[in-house]
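S.K.: Got a structure here, written out as structure tokens. Questions coming.
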Number of protein chains: 2
Amino acid sequence: MLPLNVHHTAIAVRDLDAALADLEAQYGVTPAYREVIEEQGVEEAMVPLGGSHLQLLMPLGEDTPVGRFLASRGEGLHHVALQVADIEAALSHLTDAGARLVDEKPRIGGGGHRIAFVHPKALAGTLIELVEVS
Amino acid sequence: MLPLNVHHTAIAVRDLDAALADLEAQYGVTPAYREVIEEQGVEEAMVPLGGSHLQLLMPLGEDTPVGRFLASRGEGLHHVALQVADIEAALSHLTDAGARLVDEKPRIGGGGHRIAFVHPKALAGTLIELVEVS
């Protein structure tokens, strides 16, 4: 189970408009799409950059995963997402490797992709998202 | 000044051997090189993944930037590096855009590349590294 790519690196922000304006002014990049995902409690913007993406995440409220992250850690890097071709095979492999999962089964994430999160305890305190893009 | 790519996403770790073993067991990826950079107080491993890389950073001591990061934040995502073709042009553009820099001039980083860090205050609390790879 080799991931195909680093799909995106995600940044938690308090003000999505302000962060996108800073990103454009500093690096000339703009989002391919912007989307509210109620189930995850976020509004996200996906910014293509070379062969990968930066993702900006703004919580829809304080009592959401990203809202709690901002309250405890402040703005900054939130997770890194790895692109896989078969998310069930990836989750099965990770379970066999003893990695603790957040999501035992895939769910639908941004862009309509199937996604699952791996617990930060599995790899050096780092929240990893799997994104199925075949 | 458009960056060419997300060059790497960096993770601060306490035990580089253990983190590389977890990364290989879980995702089947291995480092292209591993390097001690005394000037930055780190040992780093660069792991190619698709069109980008994951970088693991282990401090050489507690009184280093990554050592202090681990003491205050714990293991986890540390910075994201953007590949640029001309680092002086990129730094000049960022200065014009009002972005606060850590490094006003490029220095030599991992892999012999010229690098510079942009202050987290410039973009949503996120430490950004510029890496010149032409």
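The values are calculated or read from the model by the stated rules, or taken from the named source; none is laboratory data. Being a predicted model, the structure only gives us computed values, none of them experimental. Don't worry about glycine lacking a Cβ; one is built from the backbone with ideal geometry, like all the others, and counts go over all protein chains shown.
S.K.: Starting from segment A:79-93, take each residue that is at pLDDT 95 or above and list its partners that are of a type in the set (D, E, K, R), counting only C-beta distances under 6 angstrom and pairs at least six apart or across chains.
M.R.: A:H79/A:E129; A:A81/A:E129; A:V84/A:E132; A:I87/A:R114; A:I87/A:E132
S.K.: Continuing with the same structure: Which ones in segment B:77-98 are within 12 Å of the chain's Cα centre (by Cα) and more than 9 Å from chain A (Cβ to nearest Cβ)? Let's see the steps before the verdict.
M.R.: Filtering segment B:77-98 down to residues within 12 Å of the chain's Cα centre (by Cα) leaves B:77-83.
The answer is B:A81, and nothing else.
S.K.: I've got another one for you. Among what's in segment B:23-43 and is under 22 Å from A:L2 (Cβ atoms) and surrounded by 19 or more Cβ atoms within 10 Å (Cβ to Cβ), pick the residue that is farthest from the chain's Cα centre (by Cα). Outline the logic, then answer.
M.R.: If we filter segment B:23-43 for residues that are under 22 Å from A:L2 (Cβ atoms), which is where we start, we get B:23-34.
From what is left, the residues that are surrounded by 19 or more Cβ atoms within 10 Å (Cβ to Cβ) are B:23, B:26-27, B:31.
Working: B:L23: 18, B:Q26: 22, B:Y27: 20, B:P31: 15 Å.
Step by step, filter segment B:23-43, then rank; the result is B:Q26.
S.K.: For segment B:119-128, name all the residues that are surrounded by fewer than 23 Cβ atoms within 10 Å (Cβ to Cβ) and either touching a Pro at 6+ places or on another chain (Cβ under 6 Å) or away from chain A (no Cβ under 12 Å) (or both).
M.R.: The answer is B:L127, and nothing else.
S.K.: Further, regarding this structure: Does B:S134 satisfy the criteria of being in a loop (DSSP other than H, G, I, E, B) and out of contact with any strand residue (DSSP E or B) (no Cβ under 6 Å at 6 or more places or on another chain)? I'd like the intermediate steps shown before the answer.
M.R.: Numbers: in a loop (DSSP other than H, G, I, E, B): yes; out of contact with any strand residue (DSSP E or B) (no Cβ under 6 Å at 6 or more places or on another chain): yes.
Here the answer is yes, as B:S134 does meet what is asked.
S.K.: Would you confirm whether or not segment A:99-118 contains a residue that is more than 14 Å from chain B (Cβ to nearest Cβ), closer than 30 Å to B:L2 by Cβ, in contact with a Lys or Arg (Cβ under 8 Å, 6 or more places away or on another chain) and crowded, with 20+ Cβ neighbours inside 10 Å?
M.R.: Yes, segment A:99-118 contains a residue that is more than 14 Å from chain B (Cβ to nearest Cβ), closer than 30 Å to B:L2 by Cβ, in contact with a Lys or Arg (Cβ under 8 Å, 6 or more places away or on another chain) and crowded, with 20+ Cβ neighbours inside 10 Å.
S.K.: Kindly evaluate B:G76 against the criterion of being surrounded by 13 or more Cβ atoms within 10 Å (Cβ to Cβ) and at pLDDT below 95. Steps first, please.
M.R.: Working: surrounded by 13 or more Cβ atoms within 10 Å (Cβ to Cβ): yes; at pLDDT below 95: no.
Taking the combined requirement at face value, the residue does not satisfy it.
S.K.: Could you please let me know if B:T64 is surrounded by 13 or more Cβ atoms within 10 Å (Cβ to Cβ) and either within 11 Å of another protein chain (Cβ to nearest Cβ) or touching a strand residue (DSSP E or B) at 6+ places or on another chain (Cβ under 8 Å) (or both)? Before the answer, list the steps.
M.R.: On the way: surrounded by 13 or more Cβ atoms within 10 Å (Cβ to Cβ): yes; either within 11 Å of another protein chain (Cβ to nearest Cβ) or touching a strand residue (DSSP E or B) at 6+ places or on another chain (Cβ under 8 Å) (or both): yes.
Yes: the conditions hold for B:T64.
S.K.: Contact list please: Cβ distance under 6 Å, first residue in segment A:1-25 and more than 8 Å from chain B (Cβ to nearest Cβ) and closer than 27 Å to A:A89 by Cα, second residue crowded, with 19+ Cβ neighbours inside 10 Å and among the hydrophobic types (A, V, I, L, M, F, W, C), pairs at least six apart or on different chains.
M.R.: A:H7/A:A81; A:H7/A:V131; A:H8/A:A81; A:A10/A:L57
S.K.: Let me ask something else. Do any residues in segment B:27-42 that are within 14 Å of chain A (Cβ to nearest Cβ) have Cβ atoms under 6 Å from those of residues that are surrounded by fewer than 16 Cβ atoms within 10 Å (Cβ to Cβ) and modelled with pLDDT under 95, where the two are at least six apart or on different chains, and which pairs are they?
M.R.: B:G28/A:L2
S.K.: Please pick out the residue among B:A71, B:A45 that is in contact with a strand residue (DSSP E or B) (Cβ under 8 Å, 6 or more places away or on another chain) and more than 10 Å from chain A (Cβ to nearest Cβ).
M.R.: Values: B:A71 fails: in contact with a strand residue (DSSP E or B) (Cβ under 8 Å, 6 or more places away or on another chain).
Result of the check over B:A71, B:A45: B:A45.
S.K.: Only residues that are of a type in the set (V, I, T) and closer than 17 Å to A:A25 by Cβ: list them for segment B:117-134, please. Explain how you work it out, then say what you get.
M.R.: So the first thing to find is which residues in segment B:117-134 are of a type in the set (V, I, T), and the list is B:118, B:126, B:128, B:131, B:133.
Within segment B:117-134, B:V118, B:T126, B:I128 qualify.
S.K.: Let me spell it out: the conditions are (1) over 21 Å from B:Q55 (Cβ atoms); (2) in a helix (DSSP H, G or I), and A:K121 meets all of them except one. Which number is the exception?
M.R.: (1)
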